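The values are calculated or read from the model by the stated rules, or taken from the named source; none is laboratory data. Nothing here was measured: the structure is a model prediction, and the numbers come from that model. All Cβ positions, glycine included, derive from the backbone under ideal geometry; neighbour counts span all protein chains shown. Just the protein is used for accessible areas: all its heavy atoms, side chains included, with ligands, DNA and RNA removed. Shrake-Rupley method; radii C 1.70, N 1.55, O 1.52, S 1.80 Å.
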Amino acid sequence: MKKVLLVNWDCYPNYASGGVYTWTKSLIDSLSDYEFVVVNELSNPNNNSKYTVPQHVTKVIEVPIYGSHRYEEYSKGHQALLPKILRTTESIIQNNFLVLYKEFISNVLSERCDIKLLAELVIKLHQFLLKYDSKKCLEHHLTWDIFIEQLNKEALYRHLTMKEALIAFQVVQRNIALLSIPAPKVDIIHCSLAWLPSLMAVYAKEENNCPLVITEHGVAFRELLLYYNRYLFAEASKIFWKVFSLNIVRTVYSVSDVITSVCEINNVWEEKLGADPSKVKLVYNGVDTSKFRPVEVKRNDNRPTVVSIARIDPFKDIVCLIQAIKYAKEEIPNIQCLIYGGSIDLEYSLRCVKAVTDLQLEDHVKFVGNTKEPEKAYGAGDIVAISSISEGFPFTIIEAMACGKAIVASDVGGIREALDGCGLLVRSRRPRELAKGIVRLLQDEKMRHQFEEASLVKVRTTFTLEKCVQQFRKEYGDLINLYDNKKQKMEAIVQ
């Protein structure tokens, strides 16, 4: 069996929800003729540590970026830690590590970043940290001095507060520490995003001399910009993270062989971010149409019902949906909305609950929680509504289409590509527009049925799981064969 290294972030197998989890699980389950080693970088200590994986997933490498700097302290392997610590002397740190570290920091924080050099530095740091202790190196007092020195060289970075600089320093340190993880022996590498976890792919590709595939779902850089604009207020901090993030993304793109995009709008973003257009290929997400299909669901009442399956998250803009139900209620007094989905954002969850209370919608908006049977959840509604402010190519849309549901959704990301001719599109963050779409679909039975029929046809011809998996199977096979042929030619030349 050929081996795949699949790199994730807060995803399979620890987090069993969300579109990227669905994509990852479907890909792995469908490619049982490949062995998978899964790397999952974890940012939340409340992640699930109990899970099951199929037999052809031979190893799961869980990489928390909280807690200890030393991967060896929590890994299940048998790397000898004490010899690494003993050989990491003050002389080694000052004469070897700090030289590499300074060059890395200087490059990754520069608007004129040399991405080829940055990739080389990632590989050199990995090679160094395989032999020497990452904790002693990264906690050396001079690393902070070097970091601050670099900030002071840039006019805009000088305005970072001490707290902002310390947070940035800690994030950089934690992710450099992850470069100490040994790269497994594989035939191909596949990353589910282009961001910090994918730095592992940079050196794993070099060591294995194998192809690298990147699949961008929401385009990590775009999602990061939204996050920075929401949570960061100081301009210097926003610029710091924008520059840092862009340099990481461009470096990962540069070493990839293929970048598969889940929708056309992502192609545009990726090429603007520096991806070679010849590397970018469109592979739509697909759904299992034997599972997601029109089904009759017993309902407790005959109230006009809107269903939304979405994480309770600011990017899903659940508050906008709640406000839309308030406006829709003026036209349809007995309307109800069932919201299926969990949350790890307590503050936003409480804000959603408060919105329901403030608008006196307790009898009209119900938080149902996560569901293990989304196909039945879709069947519980007359229509489906999506209020996101950012998306890639969401499974919620194509799952609902496969279940024969009429949909009204915000026109963001790849939603238009999926829904064009099969549903209503509205501008994001416009609750009145969303409400009009909801009312229109609920009241116009003819339009609703037309959209339901069109959705079923489109999914079965364009967005099936089988078609998606076939495309990845072909990419894997073609790339592995290409590299194998190159290796054989080199061996023949050497002989």
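Select from the stretch 270-294 the residues that are in contact with a helix residue (DSSP H, G or I) (Cβ under 6 Å, 6 or more places away or on another chain) and not in a loop (DSSP other than H, G, I, E, B) and list them in ascending order.
Result: Glu271, Pro277, Val280, Val287.
Among residues belonging to the stretch 141-180 that are in contact with a His (Cβ under 8 Å, 6 or more places away or on another chain) and aliphatic (A, V, I, L, M), point out the one that is modelled with the highest pLDDT.
That would be Leu179.
Before we move on, is Ile332 touching a strand residue (DSSP E or B) at 6+ places or on another chain (Cβ under 8 Å) and of a type outside the set (Phe, Trp, Tyr)?
Working: touching a strand residue (DSSP E or B) at 6+ places or on another chain (Cβ under 8 Å): no; of a type outside the set (Phe, Trp, Tyr): yes.
It is false that Ile332 is touching a strand residue (DSSP E or B) at 6+ places or on another chain (Cβ under 8 Å) and of a type outside the set (Phe, Trp, Tyr).
Would you please list the contacts, defined by Cβ atoms under 7 Å and residues six or more apart or on different chains, that run from a residue in the stretch 346-367 that is over 22 Å from Gly381 (Cα atoms) to a residue that is open to solvent by 20 Å² or more (accessible area, probe 1.4 Å) and in a loop (DSSP other than H, G, I, E, B)?
From residues that are over 22 Å from Gly381 (Cα atoms), the pairs are Tyr348/Asp313; Ser349/Ser343.
Select from the stretch 283-294 the residues that are open to solvent by 50 Å² or more (accessible area, probe 1.4 Å) and of a type outside the set (Ser, Thr, Tyr) and write down the one among them that is farthest from Ile188 (Cα to Cα).
That would be Pro294.
So, of the residues in the stretch 162-185 that are in contact with a helix residue (DSSP H, G or I) (Cβ under 8 Å, 6 or more places away or on another chain) and open to solvent by 10 Å² or more (accessible area, probe 1.4 Å), which turns out to be farthest from Leu225 (Cα to Cα)?
Within the stretch 162-185, the match that is farthest from Leu225 (Cα to Cα) is Lys185.
Would you check which residues across the stretch 368-392 are closer than 15 Å to Ser455 by Cβ and either without any contact (Cβ under 8 Å) to a residue 40 or more places away in the chain or assigned to a loop (DSSP other than H, G, I, E, B) (or both) and list them? So that I can check it myself, show each step before the final result.
Filtering the stretch 368-392 for residues closer than 15 Å to Ser455 by Cβ gives 375, 378-379, 381-386.
Across the stretch 368-392, the qualifying residues are Gly381, Asp382.
When only residues in the stretch 134-161 that are closer than 28 Å to Ile85 by Cα and without any contact (Cβ under 8 Å) to a residue 40 or more places away in the chain count, which is surrounded by the most Cβ atoms within 10 Å (Cβ to Cβ)?
Among residues in the stretch 134-161 that are closer than 28 Å to Ile85 by Cα and without any contact (Cβ under 8 Å) to a residue 40 or more places away in the chain, the one surrounded by the most Cβ atoms within 10 Å (Cβ to Cβ) is Ile148.
Residues Ser387, Ser455, Ser410: which one is over 30 Å from Phe221 (Cα atoms) and open to solvent by less than 20 Å² (accessible area, probe 1.4 Å)? I'd like the intermediate steps shown before the answer.
Working: Ser387 fails: over 30 Å from Phe221 (Cα atoms); Ser410 fails: over 30 Å from Phe221 (Cα atoms).
Within the list Ser387, Ser455, Ser410, the selection yields Ser455.
Quick one: Glu270 ticks every box in (1) open to solvent by 30 Å² or more (accessible area, probe 1.4 Å); (2) under 20 Å from the mean Cα position of the chain (by Cα) bar one, so which box is it?
(1)
For the stretch 475-495, does any single residue satisfy the condition of being part of a loop (DSSP other than H, G, I, E, B) and modelled with pLDDT of 95 or more?
The answer is no; no qualifying residue exists.
Hey, any hits in the stretch 463-471 for a residue that's open to solvent by 20 Å² or more (accessible area, probe 1.4 Å) and in contact with a helix residue (DSSP H, G or I) (Cβ under 7 Å, 6 or more places away or on another chain)? Before the answer, list the steps.
Residues of the stretch 463-471 open to solvent by 20 Å² or more (accessible area, probe 1.4 Å): 464-467, 470-471.
When the remaining residues are screened for being in contact with a helix residue (DSSP H, G or I) (Cβ under 7 Å, 6 or more places away or on another chain), the result is 465.
Yes, some residue in the stretch 463-471 is open to solvent by 20 Å² or more (accessible area, probe 1.4 Å) and in contact with a helix residue (DSSP H, G or I) (Cβ under 7 Å, 6 or more places away or on another chain).
Can you pull out the residues in the stretch 301-339 that are in a strand (DSSP E or B) and crowded, with 22+ Cβ neighbours inside 10 Å?
In the first step, residues of the stretch 301-339 are kept if they are in a strand (DSSP E or B); the result is 305-309, 336-339.
Correct list: Val306, Val307, Ser308, Ile309, Cys337, Ile339.
How many residues are more than 17 Å from Gly274 (Cβ to Cβ) and surrounded by fewer than 22 Cβ atoms within 10 Å (Cβ to Cβ) if we restrict to the stretch 224-247?
Count: 14.
Search the stretch 97-113 for residues that are in contact (Cβ under 8 Å) with a residue 12 or more places away in the chain and pair each with any residue that is among the basic types (Lys, Arg) and open to solvent by 10 Å² or more (accessible area, probe 1.4 Å) when their beta-carbon atoms are under 7 Å apart and the residues are at least 6 apart or on different chains.
Filtered contacts from the stretch 97-113: Leu100/Lys124.
Of all residues in the stretch 291-323, which are farther than 22 Å from Phe395 by Cβ and out of contact with any Cys (no Cβ under 8 Å at 6 or more places or on another chain)?
Glu296, Lys298, Arg299, Asn300, Asp301, Asn302, Arg303, Pro304, Gln323
Looking at (1) open to solvent by less than 60 Å² (accessible area, probe 1.4 Å); (2) assigned to a helix (DSSP H, G or I); (3) touching a residue at least 40 places away in the same chain (Cβ under 8 Å), which is the one condition that is false for Ser428?
If we test Ser428 against (1) open to solvent by less than 60 Å² (accessible area, probe 1.4 Å); (2) assigned to a helix (DSSP H, G or I); (3) touching a residue at least 40 places away in the same chain (Cβ under 8 Å), just (2) comes out false.
Among Asp358, Asp382, Asp444, Asp363, which is the only one that is touching a Pro at 6+ places or on another chain (Cβ under 7 Å) and open to solvent by 30 Å² or more (accessible area, probe 1.4 Å)?
Exactly one residue qualifies, and that residue is Asp382.
Out of curiosity, is Val53 touching an Asp or Glu at 6+ places or on another chain (Cβ under 9 Å), in contact (Cβ under 8 Å) with a residue 12 or more places away in the chain and not hydroxyl-bearing (Ser, Thr, Tyr)?
Working: touching an Asp or Glu at 6+ places or on another chain (Cβ under 9 Å): no; in contact (Cβ under 8 Å) with a residue 12 or more places away in the chain: yes; not hydroxyl-bearing (Ser, Thr, Tyr): yes.
It is false that Val53 is touching an Asp or Glu at 6+ places or on another chain (Cβ under 9 Å), in contact (Cβ under 8 Å) with a residue 12 or more places away in the chain and not hydroxyl-bearing (Ser, Thr, Tyr).
Glu41 is checked against (1) surrounded by 15 or more Cβ atoms within 10 Å (Cβ to Cβ); (2) free of Cβ contacts under 8 Å to residues at least 40 places away in the same chain; (3) among the acidic types (Asp, Glu) and fails just one. What number does that condition carry?
Condition not satisfied by Glu41: (2).
Note down all Cβ pairs under 8 Å where the first residue falls in the stretch 117-133 and is open to solvent by 10 Å² or more (accessible area, probe 1.4 Å), the second is among the basic types (Lys, Arg), and they're at least six residues apart or on different chains.
Lys131/Lys84; Lys131/Arg87; Tyr132/Lys84; Tyr132/Arg87
Determine whether Arg416 is open to solvent by 30 Å² or more (accessible area, probe 1.4 Å), charged (D, E, K, R), closer than 28 Å to Leu31 by Cα and touching a helix residue (DSSP H, G or I) at 6+ places or on another chain (Cβ under 9 Å).
On the way: open to solvent by 30 Å² or more (accessible area, probe 1.4 Å): yes; charged (D, E, K, R): yes; closer than 28 Å to Leu31 by Cα: no; touching a helix residue (DSSP H, G or I) at 6+ places or on another chain (Cβ under 9 Å): yes.
Judged against the criteria, Arg416 is not a match.
Hey, any hits in the stretch 349-370 for a residue that's within 30 Å of Phe221 (Cα to Cα), among the charged types (D, E, K, R) and under 20 Å from the mean Cα position of the chain (by Cα)?
no
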